[in-house]
């Protein structure tokens, strides 16, 4: 009788961990700049339902380990349009995302040209002071 119980217990120990691993999927991928195709570092990838997130490495690579099912990814970085992506994950998935800049480089240059300040040097009581207009 002890042999039967030990055998059943051993079989359960082998089956149960396998059942729990079957509930997990890995979402991997790359994020690149949509205007020049370069890999983007430190982009935020956040899964809204679970609250799990990560950032991309210097090669634009990311990896998330999540439960199977509906996955709502929010992919964002300052200066770029955020991307919302819905995935019904039943197995490991790879996603490659291109983020589009909020402003084109020409518009960014025009905005930088519009911002300026004048600096005037004036003397007051033998001390140099700066006056910003």
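Values in this text are rule-based calculations from the coordinates and carry no lab data. As the structure is a prediction and not an experimental result, all values here were calculated from the model. FYI the Cβ positions are ideal-geometry reconstructions off the backbone, even for glycines, and counts take in every protein chain you see.
Placing a pseudo-label 7 Å from each Cα along the Cα-to-Cβ vector at residue 103 and residue 3 gives an inter-label distance of 8.0 nm. Taking 0.36 nm per residue of sequence separation and removing the Cα-Cα distance, the residue 59/residue 92 pair yields an extension gain of 9.8 nm. Normalised by 2.2 N^0.38 Å, where N is the number of residues, the alpha-carbon radius of gyration of region 25-114 equals 1.20.
Neighbour counts of other Cβ atoms within 10 Å put 88, 47, 41 in the fewest-to-most order 88, 41, 47.
Computed on region 25-114, with alpha-carbon pairs under 8 angstrom and 6+ residues apart, the relative contact order is 33 percent. Bridge orientation summary for region 25-114: considering DSSP beta bridges with both residues in this region, about 75 percent are antiparallel.
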